[in-house]
Amino acid sequence: MQSTLSNKEVGNIMKSLAALMELHEENPFKIKSYANAAFQLSRIPDVVMEMDRTTMEQTKGIGKSVAAKLVELRETGDIEALRKLLDMTPAGIIDMLQIKGLGAKKVRVIWKELGVEDVGELLYACYENRLAKLKGFGEKTQESVIQSIEYYQANLGKFHFATALQQAALMEADWKQSTAWSRTGALRREAIVIEQLEWLTTAGLEELPVPGGWQQSENGWVAVSPGGIPMVLHVAEAAQWATTLLVTTGNEAHVDFVLSKVEDPQQPFEDEAAIYKAAGLTFVPAFLREDLAEWEYNDQASADAIISMEDIQGVVHNHSTWSDGRNTIREMAEACMARGYTYLVMSDHSKTAVYAGGLDIQQVRLQQEEIDRLNEELAPFKIFKSIESDILNDGSLDYPDEVLASFDLVIASVHSNLRMDAAKANERLLRAIENPYTSILGHMTGRLLLSRPGYPVDHQLIIDACAANRVAIEVNANPYRLDMDYHWIPYAQEKGIWIPVNPDAHSTAGIDDIYFGVTAARKGGLRRRHVLNALPLSEFEKWLKDRKAAKGIA
Ligand SMILES: [Zn+2]
Ligand SMILES: [Zn+2]
């Protein structure tokens with residue numbers, strides 16, 4: 001026999017039942033009585049599950065219908081009505097019910113009106129400003145939902161690099177620069193997903209204060225950041241600093257290879273560079289140490305330099321108030337100019353993306369007229385006319401050819417019917433890639449890091465097709481996407497693919513996500529000479545022109 005459930009546990013079950021009934025719009029009176037019981041249960045001093053039925057029914061806040069459910073639960077270990085509701089509800093929707101500030105009614109609207117079915121998709125919808133536009137939601141709700149989800153995801157033990165970085169900086173702000181400390185581990189490697197924040201120091205713990213203080217554990221000194229990220233502090237003696245930094249930075253395969261080439265790894269080294277030197281290897285910066293692209297790496301100063309933020313000239317793939325962005329085209333352009341960029345590619349959503357305010361043909365014309373006017377005014381800064389065309393279910397693009405021809409470039413992306421098998425996904429993307437108007441493939445797999453795997457594309461096949469059709473592949477720089485994954489960058493470069501690093505900005509602040517794209521892409525060894533938006537304006541224009549000419553669509 002199972003142990004008796006506490007009042008609190010029973011209360012939680014009743015709470016779930018009420019929430020699920022509300023989600024599925026069942027009898028409001030019943031919902032109310034279950035919700036009320038859930039609330040009252042924790043206030044009842046006696047253990048309800050040990051009461052006989054009559055006592056239950058007479059206890060304040062329980063009553064007949066709730067008692068019936070509790071007896072069923074006691075006798076069968078289950079409540080049939082609850083199980084049926086669970087069967088009808090996608091797991092991601094059930095997760096969403098846990099998010100503070102949402103509640104079943106709102107979750108239902110999100111589910112039914114946005115078609116969003118899990119927490120990660122919901123977070124992304126918030127970032128695209130879609131939640132704020134739903135009836136009964138607004139910016140404030142959206143903001144609190146973002147915070148709740150970030151908290152929820154924090155509890156799952158993995159964190160986006162952007163979140164980890166923000167938390168790390170928060171800690172480091174209190175540490176003296178004069179103290180010997182360094183980031184290490186995945187944080188120092190700038191991994192796209194991070195489980196803990198790690199530092200190395202030769203100083204005493206008091207030099208690196210954290211809220212709550214460091215606690216001793218088997219793995220060194222540990223603590224938890226205010227956002228819930230585990231933190232580890234390694235302490236080394238000065239003589240072992242360089243080796244400990246190398247080893248804790250990782251990754252393991254990289255470290256093993258380097259140390260296997262060093263005759264006496266125990267000897268003290270001046271710094272990491274001395275270890276690489278002793279190994280007869282070129283020094284490898286921490287971000288590249290993934291046993292992936294670093295062994296071809298030799299000289300950052302050469303023409304073969306790896307991409308950095310300073311190389312980015314233009315901002316490709318942006319949304320404005322014409323579709324689901326927060327800012328006007330003018331505001332986006334001015335934000336780019338303020339950051340020293342020389343061109344902007346506006347790629348609002350296309351007409352099928354109704355949920356995102358996709359542009360119909362008439363709106364496309366009006367937007368292009370606005371861009372013409374702005375270009376006259378803002379020259380030599382240039383705004384390019386583009387669209388993020390949905391790749392429809394059959395792989396076709398979203399407008400007739402004469403409309404597609406009016407754009408300087410077309411980004412083709414999948415936004416709907418994401419659940420596809422590999423054959424279908426490949427076929428759909430291939431058809432889009434073969435469309436002569438497709439200039440860039442947008443977020444190649446549709447993945448949302450930590451919440452939604454991508455659809456199952458054959459990366460090699462898709463990259464080969466892009467090479468054959470002169471289609472560039474973006475690294476979508478949104479820290480929740482970082483798609484195409486950097487592990488495919490070496491192969492894409494080998495095939496001569498152009499790879500723009502695109503913020504997919506839905507606001508002026510979103511432009512700065514380029515940083516996360518560059519940070520991820522350089523882990524795959526992305527070279528400046530392959531980055532489409534590292535081209536100066538005139539060369540970028542020429543690239544577009546040459547491409548149209550080669551495709552016979554000029
Ligand atoms: Zn998109
Ligand atoms: Zn987009």
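The values are calculated or read from the model by the stated rules, or taken from the named source; none is laboratory data. The structure displayed is predicted, hence computed values, not measured ones. Don't worry about glycine lacking a Cβ; one is built from the backbone with ideal geometry, like all the others, and counts go over all protein chains shown. All accessible areas refer to the heavy atoms of the entire protein, side chains included, with ligands and DNA or RNA removed. Shrake-Rupley method; radii C 1.70, N 1.55, O 1.52, S 1.80 Å.
Taking the criterion of being surrounded by 13 or more Cβ atoms within 10 Å (Cβ to Cβ) and not hydrophobic (A, V, I, L, M, F, W, C), the residues of segment 106-118 that qualify are Lys106, Arg108, Glu117, Asp118.
Checking Ala104, Ala81, Ala125, Ala68 one by one, the residue that is among the small types (Gly, Ala, Ser), assigned by TED's automatic domain parsing to the domain that holds Gln147 and under 24 Å from Glu26 (Cα atoms) is Ala104 and no other. If the condition is being open to solvent by less than 10 Å² (accessible area, probe 1.4 Å) and hydrophobic (A, V, I, L, M, F, W, C), then segment 490-514 contributes Ala492, Ile497, Ile499, Val501, Ala505, Ile511, Ile514.
When restricted to residues that are open to solvent by 40 Å² or more (accessible area, probe 1.4 Å) and either touching a Cys at 6+ places or on another chain (Cβ under 9 Å) or over 30 Å from Pro536 (Cβ atoms) (or both), segment 396-408 contains 3. Note on segment 144-156: residues that are touching a residue at least 40 places away in the same chain (Cβ under 8 Å) and surrounded by fewer than 21 Cβ atoms within 10 Å (Cβ to Cβ) total 9.
Of all the listed residues (Met96, Met51, Met14), the sole one being open to solvent by 20 Å² or more (accessible area, probe 1.4 Å) and among the hydrophobic types (A, V, I, L, M, F, W, C) is Met51. Apart from one condition, Arg470 fits all of (1) on the phi < 0 side of the Ramachandran plot; (2) open to solvent by 10 Å² or more (accessible area, probe 1.4 Å); the exception is (1). Residue count for segment 75-91 under the criterion of being within 25 Å of Met49 (Cα to Cα), under 37 Å from the mean Cα position of the chain (by Cα) and open to solvent by less than 50 Å² (accessible area, probe 1.4 Å): the result is 3.
Checking Val315, Val284, Val247 one by one, the residue that is among the aliphatic types (A, V, I, L, M) and in contact with a Lys or Arg (Cβ under 9 Å, 6 or more places away or on another chain) is Val315 and no other. For residues that are in contact with a strand residue (DSSP E or B) (Cβ under 8 Å, 6 or more places away or on another chain), of a type outside the set (A, V, I, L, M, F, W, C) and in a helix (DSSP H, G or I), scanning just segment 519-540, find the one that is farthest from Met337 (Cα to Cα). If we take residues in segment 519-540 being in contact with a strand residue (DSSP E or B) (Cβ under 8 Å, 6 or more places away or on another chain), of a type outside the set (A, V, I, L, M, F, W, C) and in a helix (DSSP H, G or I), then Arg522 is farthest from Met337 (Cα to Cα). Checking each residue in segment 337-353 for being more than 15 Å from ligand 2 (Cβ to nearest atom) and open to solvent by 10 Å² or more (accessible area, probe 1.4 Å) picks out Met337, Ala338, Arg339, Gly340, Tyr341, Thr342. Which residues, counting only those in segment 411-443, are within 15 Å of ligand 2 (Cβ to nearest atom) and under 15 Å from Gly552 (Cα atoms)? The answer is Thr438, Ser439. Among the residues of segment 316-361, the ones that are aromatic (Phe, Trp, Tyr) and part of a loop (DSSP other than H, G, I, E, B) come to 2 in all. Taking every residue in segment 493-504 that is more than 16 Å from ligand 2 (Cβ to nearest atom) and pairing it with any residue that is hydrophobic (A, V, I, L, M, F, W, C) and modelled with pLDDT under 95, at least 6 positions away or on another chain, the pairs with Cβ-Cβ distances below 9 Å are Gln493/Ala293.
Among the residues making up segment 242-259, those that are of a type in the set (Gly, Ala, Ser) and within 29 Å of the chain's Cα centre (by Cα) are Gly250, Ala253. For the structure I just gave you, tell me whether Asp324 is open to solvent by less than 20 Å² (accessible area, probe 1.4 Å), within 16 Å of ligand 1 (Cβ to nearest atom), in contact with a helix residue (DSSP H, G or I) (Cβ under 6 Å, 6 or more places away or on another chain) and not hydrophobic (A, V, I, L, M, F, W, C). Criteria met by Asp324.
Please go through segment 436-458 and give me each residue that is closer than 16 Å to Ala492 by Cα, crowded, with 19+ Cβ neighbours inside 10 Å and not small (Gly, Ala, Ser), ordered by number. Of everything in segment 436-458, those that are closer than 16 Å to Ala492 by Cα, crowded, with 19+ Cβ neighbours inside 10 Å and not small (Gly, Ala, Ser) turn out to be Ile440, Leu441, His443, Met444, Thr445, Val457.
Taken over segment 366-395, the criterion of being under 13 Å from Lys351 (Cα atoms) and either surrounded by fewer than 22 Cβ atoms within 10 Å (Cβ to Cβ) or not assigned by TED's automatic domain parsing to the domain that holds Asn533 (or both) is satisfied by Leu392 alone. Among the residues making up segment 487-518, those that are within 14 Å of the chain's Cα centre (by Cα) and assigned to a helix (DSSP H, G or I) are Gly510, Asp513, Ile514, Tyr515, Phe516, Gly517. Those helices (runs of 4 or more DSSP H) of segment 182-283 in which at least 2 residues are under 20 Å from Glu296 (Cβ atoms) and without any contact (Cβ under 8 Å) to a residue 60 or more places away in the chain, considering only elements entirely within it, cover 252-260, 272-278.
Going through (1) within 12 Å of ligand 1 (Cβ to nearest atom); (2) buried (at least 22 other Cβ atoms within 10 Å of the Cβ); (3) farther than 19 Å from Cys466 by Cα; (4) not acidic (Asp, Glu) one by one, Ile411 falls short only on (3). Condition check for Tyr276 on (1) more than 32 Å from the chain's Cα centre (by Cα); (2) in the same structural domain as Lys523 (by TED's automatic domain parsing): one failure, at (2).
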